[in-house]
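A quick write-up on the structure given underneath.
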Amino acid sequence: MNTRPAHPISILCVDDNTELTEALRGTLARLGGFEWLGSLSDTTTLRAMITRLKPNIVLLDVDMPGRSSFDLLSELGPIFPGTRIVFFSGHVRAELIDRALDGGAWGYASKSDTPNAVVQCLRDVAAGNLGFTPESRQLLSE
Amino acid sequence: MSNADRATILVVDDHEAARYSRSRILRRANYIVIEAGTGKEALAAIAEHRPTLVLLDVHLPDMSGFEVCGQIKSDPATSVVPVVHMSATSVSTPDQVRGLEGGADGYLVEPVSPEVLVATVGALVRMHRAERLARKNQQVMDVLVGNLPGAAYQTDALGGPLKFVSNRVEDMIGRPAAEVLSLPRGWLEFVEAADRQRLDQQLADAVARKAPFECTYRVRWPDGSTHWISDCVTPVPREDGRGVFWEGFATDVTERIKAQEVIAREQDRLEALVLQKTEEVRRSHEQLRLSERLAAIGTLAAGLGHDMGNLLLPVRMRLEMLMSMPLPSDAKENLSAIDISCDYLKKLAGGLRMLALDASTSAANASVEVKEWGAEVLPLLTSMVPRQLKLTTTFPSSPCWIRIGKTAMTQIAFNLIQNAADAMRSQGSGSIHLSIEPINSQAAELSVSDTGPGMSEEVRRRCLEPFFTTKPRGVSTGLGLALVHGLVRDALGTIDVVSAPAKGTIFKLRLHQMPDPRSPQHGPAGVAVLDIADARTRAMVAEELRRMSIEVRIHGTCEVPADAFLVADSSIRVGHLSSRVLLLDDSSEKRTGVYRVPRHPRVQQLRDAVKAMVQSTTISRASDPTP
């Protein structure tokens, strides 16, 4: 599962913290194996962007202004089975992770973990596993 | 005038003509007249008719009028009936004197004019009636006075002997009225020494001013008991105008005074109770405010930790990008230094978020490895100790797992260290030592010791109580140690406080150890082969199985070991069925040894089913005699 896929993993990032999305773009570019499709700082155009770009993974901030990310997940998940939605948040609690998984998410990455952990989480999801970072995985086992 | 109101006159004379003449005169004057001719007849008529007045001839054939009068006056039943002697022969002064001294009320000497006869009889009847009324009134008064709930009395000299006291005095003073009347000061002889002076002063005042007087004092009964008496007395002017006499009324008010005392006591008790309850309400308000403030601080800590984490991630990403570039070595050194600071900040943020979590909600099987935990929380713990104090730690050299949530462990250490730091805040220097050591294979001891001022026995005993604090409000909530106590109890541990003034304090916590949950002693607990079409469901199942230390293989890409667990989304694809199967197929059909969940199970459903399957197999395998 840790082997790099032959095709780059295409990522669409949804986060209103542009400093973070820019840093992540740089990190993914540096590490390679990813295709940065862009970032959205609000969710109004998310559906249209997924339709157009068909990303492998949408990294979705849990605390987006406007519509709840959990609502978006249950709406978009069934429409786009080829796109795997991973939650990305500084709020990491066991019940939030379970709610995300029940809603169809493929993973839950904590913003408090290291850049490498976040990248590994994305690779795990692309390889067909659920994706977590150490902090969110720790809560699963507690 | 009705018959009832008309007076009856008995006319006694043996001389018929004279008797007739007098009777006629009296009848005309509207009296009822009965007649008698002899002394014997006269006495019989008096017994029978109770006349208002007797007109008695002195000379009677059988006995003298004086004798008849003597008999009338000596009988208590008739003694009040006025008797008027009449005589034509016994007219001398000695005769008249004899008659009047013998008890007669009048003496008429014949001949008497009709007017004088009627006037004399009229005057005596009026007197008789007045007397009877007075006697009747006296009787009523006696009954009334006797029924009063207390002693009515009369005296000429206030504070001196009594000339009258009602019988009820015995109920009040425990001595009969006769005895009281015989004493020079009445019942005042028995006034308690403590009240005597005050009473005498008031009596003297009343006498001097000839004014009504009222006083409550204590008297001693013959049986030694003390009774309260309320005494009211009023001066009454004498008829002869020479000064006053006193009429009083005294009652036993012991019960009333006792009731008043009880009421006063109850009132005091109620007032004390109100004060106490008010204080309790005030305290619970304060505690509520503290709890709210604490919750607000928790939210603040969580928010701060969260924001710090969010800010740090892009910083670290940029830092790593920089570090991957070809840079001069001194620049790399600077970057390493920044990286170390970032790492420290990240742990600090993590610690802050952990402090804000509700530690009591973590699962019962939660565990934490001491050394890993220490590395993670030490920045937070160090950051809260004032500069002049030194924090040192001792952790076990080999991995040591403690049966407690990471958050709970952090909150325990945080509060114990903060408590120690607060105790030593005013000291120039001091040290706090955090130590976690295994005691045996089952238990470990977490201790926090300080070189602070120590606690008195009272404080030591109470320090784990909620809201108990020795520090000023605003510095302390009094909840830190109570929180620790609760968390230790939740983890089924014990807490011991060793402290004495000037000897420092050691909190010793005994917690349970547990085996390393990450490295099962006998390798993987088994192999599972997954035959599930939906990729995400497959990923979820795989995740749960791996957490149970089961190796996961995908159907079709490998061999299926004979004893493998099988998880499939259709029973058709399950070649052989054993007790090691979990089906995700929405079917409600029950098959022995087959675990079922919906095709798209909820996380918790899946977790429970995987656990049930793996654990039941483990048990059956352990009890199988042929491995």
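The values are calculated or read from the model by the stated rules, or taken from the named source; none is laboratory data. Values in this document were obtained by computation on a predicted structure and should not be read as measured data. Neighbour counts run over all protein chains shown; Cβ positions are idealised from the backbone, glycine included.
Please go through region B:417-431 and pick out each residue that is over 13 Å from B:Gly504 (Cβ atoms) and surrounded by 23 or more Cβ atoms within 10 Å (Cβ to Cβ). B:Ile417 - this is the single residue of region B:417-431 that is over 13 Å from B:Gly504 (Cβ atoms) and surrounded by 23 or more Cβ atoms within 10 Å (Cβ to Cβ). In the condition set (1) modelled with pLDDT of 80 or more; (2) not hydroxyl-bearing (Ser, Thr, Tyr); (3) not in a helix (DSSP H, G or I), B:Glu333 is compliant with all but (3). Of everything listed in (1) outside any loop (DSSP other than H, G, I, E, B); (2) touching a Pro at 6+ places or on another chain (Cβ under 8 Å); (3) not basic (Lys, Arg), the single unmet condition for B:Pro396 is (1). Within region A:130-142, the set of residues being crowded, with 22+ Cβ neighbours inside 10 Å and within 8 Å of chain B (Cβ to nearest Cβ) comprises A:Leu130 only. With respect to the stated conditions, B:Val488 is β-branched (Val, Ile, Thr), within 30 Å of B:Pro466 (Cα to Cα) and crowded, with 21+ Cβ neighbours inside 10 Å. Name the one entry in A:Val92, A:Val118 that is touching an Asp or Glu at 6+ places or on another chain (Cβ under 7 Å) and either without any contact (Cβ under 8 Å) to a residue 60 or more places away in the chain or at the interface with chain B (Cβ under 8 Å from one of its Cβ atoms) (or both). Checking each option against the conditions leaves just A:Val92. Which residues, counting only those in region B:221-238, are within 37 Å of the chain's Cα centre (by Cα) and closer than 15 Å to B:Ala250 by Cβ? Listed by number, the residues that qualify are B:His227, B:Trp228, B:Ile229, B:Ser230.
Evaluation of B:Leu378 against the conditions (1) buried (at least 16 other Cβ atoms within 10 Å of the Cβ); (2) under 19 Å from B:Ser499 (Cα atoms); (3) not acidic (Asp, Glu) shows that the sole unmet condition is (2).
Could you please let me know if B:Ser383 is of a type in the set (Gly, Ala, Ser) and farther than 22 Å from B:Phe507 by Cβ?
Details: of a type in the set (Gly, Ala, Ser): yes; farther than 22 Å from B:Phe507 by Cβ: no.
No: the conditions fail for B:Ser383.
Hey, could you check region A:97-114 for residues that are farther than 15 Å from B:Arg607 by Cβ and either over 13 Å from the mean Cα position of the chain (by Cα) or without any contact (Cβ under 8 Å) to a residue 24 or more places away in the chain (or both) and say which is nearest to the other protein chains (Cβ to nearest Cβ)?
The first filter runs over region A:97-114 and keeps only residues farther than 15 Å from B:Arg607 by Cβ, leaving A:103-114.
Checking the rest, the ones that are also either over 13 Å from the mean Cα position of the chain (by Cα) or without any contact (Cβ under 8 Å) to a residue 24 or more places away in the chain (or both) come to A:103, A:112-114.
Working: A:Gly103: 10, A:Ser112: 4, A:Asp113: 8, A:Thr114: 6 Å.
Here the residue is A:Ser112.
So in region A:26-75, with the set limited to residues that are away from chain B (no Cβ under 13 Å) and among the basic types (Lys, Arg), which one is farthest from A:His7 (Cα to Cα)? The residue in question is A:Arg67. Given the condition assigned to a helix (DSSP H, G or I), more than 10 Å from every other protein chain (Cβ to nearest Cβ) and not hydrophobic (A, V, I, L, M, F, W, C), answer yes or no: does some residue in region B:302-319 qualify? No, region B:302-319 has no match at all. For region B:598-616, taking the residues that are within 14 Å of chain A (Cβ to nearest Cβ) and in contact (Cβ under 8 Å) with a residue 40 or more places away in the chain, the one that is nearest to B:Val581 (Cα to Cα) is identified as B:Val610.
Can you name the condition, by its number, that B:Leu181 falls short on among (1) in contact (Cβ under 8 Å) with a residue 24 or more places away in the chain; (2) within 26 Å of B:Lys210 (Cβ to Cβ)? So B:Leu181 meets the others, but not (1).
Can you tell me how many residues within region B:526-537 are of a type outside the set (Lys, Arg) and within 12 Å of chain A (Cβ to nearest Cβ)? Break it down stepwise before answering.
Keep residues of region B:526-537 that are of a type outside the set (Lys, Arg), which gives B:526-535, B:537.
Pick out the ones that are also within 12 Å of chain A (Cβ to nearest Cβ) and you get B:530, B:532-535, B:537.
So the count comes out to 6.
Before we move on, is A:Leu20 within 14 Å of another protein chain (Cβ to nearest Cβ) and farther than 18 Å from B:Met540 by Cα? Even if it seems obvious, please write down each step before you answer.
On the way: within 14 Å of another protein chain (Cβ to nearest Cβ): yes; farther than 18 Å from B:Met540 by Cα: yes.
Taking the combined requirement at face value, the residue satisfies it.
The set of residues from region A:32-63 being more than 25 Å from A:His91 (Cα to Cα), surrounded by fewer than 18 Cβ atoms within 10 Å (Cβ to Cβ) and touching a helix residue (DSSP H, G or I) at 6+ places or on another chain (Cβ under 8 Å) comprises just one member, A:Gly33. Only residues that are modelled with pLDDT of 75 or more and within 14 Å of chain A (Cβ to nearest Cβ) were counted across region B:354-383, and they come to 11.
A single entry from A:Gly107, A:Gly66 fulfils the requirement of being surrounded by 18 or more Cβ atoms within 10 Å (Cβ to Cβ) and either among the polar types (S, T, N, Q) or under 28 Å from B:Gly350 (Cα atoms) (or both): A:Gly107. Of everything in region A:69-102 that's in contact with a Phe, Trp or Tyr (Cβ under 9 Å, 6 or more places away or on another chain) and among the basic types (Lys, Arg), which residue is surrounded by the fewest Cβ atoms within 10 Å (Cβ to Cβ)? In this case the residue turns out to be A:Arg99.
Residue-by-condition table, conditions (1) part of a strand (DSSP E or B); (2) touching a residue at least 12 places away in the same chain (Cβ under 8 Å); (3) within 30 Å of B:Pro51 (Cα to Cα); (4) touching a Ser or Thr at 6+ places or on another chain (Cβ under 7 Å):
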{"position": "B:Lys136", "(1), (2), (3), (4)": "no, no, yes, no"}
{"position": "B:Asn167", "(1), (2), (3), (4)": "no, yes, no, no"}
{"position": "B:Gln197", "(1), (2), (3), (4)": "no, no, no, no"}
{"position": "B:Ala211", "(1), (2), (3), (4)": "no, yes, no, no"}
{"position": "B:Tyr217", "(1), (2), (3), (4)": "yes, yes, no, no"}
{"position": "B:Gly224", "(1), (2), (3), (4)": "no, no, no, no"}
{"position": "B:Ser230", "(1), (2), (3), (4)": "yes, yes, no, yes"}
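Of all helices (runs of 4 or more DSSP H) completely enclosed by region A:51-142, which ones contain at least 3 residues that are under 21 Å from A:Leu40 (Cβ atoms)? Let's see the steps before the verdict.
Numbers: elements: A:69-79, A:94-102, A:115-126, A:134-141.
Fully inside region A:51-142 and qualifying: A:69-79, A:115-126.
Within region A:6-14, none of the residues are in contact with a Lys or Arg (Cβ under 7 Å, 6 or more places away or on another chain), within 14 Å of another protein chain (Cβ to nearest Cβ) and within 29 Å of B:Leu319 (Cβ to Cβ). If you scan region B:240-281, which residues turn out to be part of a helix (DSSP H, G or I) and among the basic types (Lys, Arg)? B:Arg256, B:Lys258, B:Arg265, B:Arg269, B:Lys277, listed by residue number. Within region B:148-165, no residue satisfies the criterion of being free of Cβ contacts under 8 Å to residues at least 24 places away in the same chain and among the hydroxyl-bearing types (Ser, Thr, Tyr). Set side by side, the residues A:Thr43, A:Thr21 differ, and just one is within 24 Å of A:Ser112 (Cβ to Cβ) and assigned to a loop (DSSP other than H, G, I, E, B), which is A:Thr43. A search for C-beta distances below 6 Å between a residue of region B:538-550 that is at the interface with chain A (Cβ under 7 Å from one of its Cβ atoms) and within 12 Å of A:Leu101 (Cβ to Cβ) and any residue that is assigned to a helix (DSSP H, G or I) and of a type in the set (Ser, Thr, Tyr), counting only pairs 6+ apart in sequence or on different chains, returns nothing.
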